[in-house]
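The values are calculated or read from the model by the stated rules, or taken from the named source; none is laboratory data. These numbers were taken from a predicted model, which means no experiment stands behind them. In this analysis, Cβ positions are derived from the backbone assuming ideal geometry, glycine residues included, and neighbour counts consider all displayed protein chains. Calculation scope for accessible area: heavy atoms of the full protein, side chains included, ligands and nucleic acids excluded. Shrake-Rupley method; radii C 1.70, N 1.55, O 1.52, S 1.80 Å.
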Amino acid sequence: MLRCLVALCLAATTATAQDVARYQVEVALHWDGAEADGHPEDKHWSRLIAFAHASRFALFNDGDTASSGLALVATNGRVTVLEAELAEGRRRDRVGAQVLLPGIDAGVGRFLFEIEVTEKQRFVSFATMLAPSPDWFTGVSGVALQDEAGWRDAVSRPLWVWDAGADSGPDFEGPNIDTQPRQSVRLLTHPAFLTGTGLAPIGTVTFTRLP
């Protein structure tokens, strides 16, 4: 009987360990466009907010309307409303671990953090405002860190500039023009981010599983 109890305890411990994973996340940003090409002089990034979540929660989707929280991150870097939305998601057991990092005072730089995910909340999303801008941001929505084979050792994604559809300002430092009704989230096609072959990513994100 004692052996059975020990075996059950070990099995439970193993299952619990497999249910949780921890990842290091590196967000490398290379917004280095020149003023001559339409980029502002004081390029920088707002605070970055990241979180783990279940499949039933989404930070943004191409073609969907941004939540009030995401719209405020994209327009002025404020995170308080998004934090309230995440708190409500956490109350419904759809949002897990959350990370908030200081902004970057340049266009080129990186965010580095660790985050815990679980089988139930195995997706990670984040956003940071490209500033100055009307309502442009970069981030990812719903990167899955677990598949049929288990926890993934490493995942990389390109980062694109998105338009939150909340401000109709045409350029980086123009006046704020509230968009009513709010438009959908879409990839930004501003000339400053177009190349001869199309849109250019603004960076990369790499998730690396920790021991």
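Of D135, D167, D147, the residue with the greatest mean-square motion in the GNM of the chain, using alpha carbon springs below 10 Å, is D147.
Couplings 3J(HN,Hα) for region 62-73, derived from phi with the Karplus relation 6.51 cos²θ - 1.76 cosθ + 1.60 (θ = phi - 60°), are 4, x, 8, 7, 5, 5, 4, x, 5, 4, 6, 4 Hz, where x marks Gly and Pro.
Can you work out the FRET efficiency for the pair D178 and D93, with r the C-beta to C-beta distance and R0 = 30 Å, to the nearest 0.05? If you can, show how the numbers build up before the last one.
Working: r = 34 Å, r/R0 = 1.14.
Working from the Cβ atoms, E equals 0.30.
Would you tally the net charge around T204, using a Cβ to Cβ cut-off of less than 13 Å, leaving T204 out, and scoring K and R as +1, D and E as -1? Summing Lys and Arg as +1 and Asp and Glu as -1 gives +1.
Percentage of Cα-Cα pair distances in the chain greater than 22 Å, rounded to whole percent?
On the way: 11501 of 22155 pairs.
Distances greater than 22 Å cover 52 percent of the Cα pairs.
Hey, any idea what % of the chain's accessible area is carbon plus sulfur with a 1.4 Å probe? Display every interim value, and only then the final one.
Working: 5690 of 10780 Å².
Roughly 53 percent, rounded to a whole number.
Would you mind telling me which residue in V155, V27, V140 has the biggest mean-square fluctuation in a Gaussian network model of the chain, where springs connect alpha carbons within a distance under 10 angstrom? Checking each option, the largest mean-square fluctuation is seen for V155. Where is the GNM fluctuation largest for the chain (alpha-carbon springs, 10 angstrom cutoff): L159, L199, L48? Highest fluctuation among the options: L199.
Annotation note: GluC sites (Glu not before Pro) in region 15-83 located in DSSP loop regions with a Cβ neighbour count of at most 14 within 10 Å are E41. When shorter helices are ignored and each DSSP H run of at least 4 residues is given -39500 (n - 2.57), the per-residue value for the chain at 222 nm works out to -6000 deg cm²/dmol.
In this rough spin-label picture, where each label sits 7 Å from Cα along the Cβ direction, the S156-D64 distance is 2.8 nm. I need the shape label for region 155-194. Rule: rounded when a/c is under 1.5, else prolate if a/b > b/c, else oblate, with a, b, c from the alpha carbon gyration tensor. Note, shape of region 155-194 comes out oblate. Relative contact order of region 56-211, taken over Cα pairs closer than 8 Å and 6 or more residues apart, is 25 percent.
Can you bin region 100-174 into rounded, prolate or oblate? Criterion: square roots of the alpha carbon gyration tensor eigenvalues sorted a ≥ b ≥ c, rounded for a/c under 1.5, prolate for a/b above b/c, oblate for the rest.
Details: a/c = 2.90, a/b = 2.07, b/c = 1.40.
In terms of gyration-tensor shape, prolate.
A 1.4 Å probe run over the chain, with the rest of the protein chains in place, finds 51 Å² accessible per residue.
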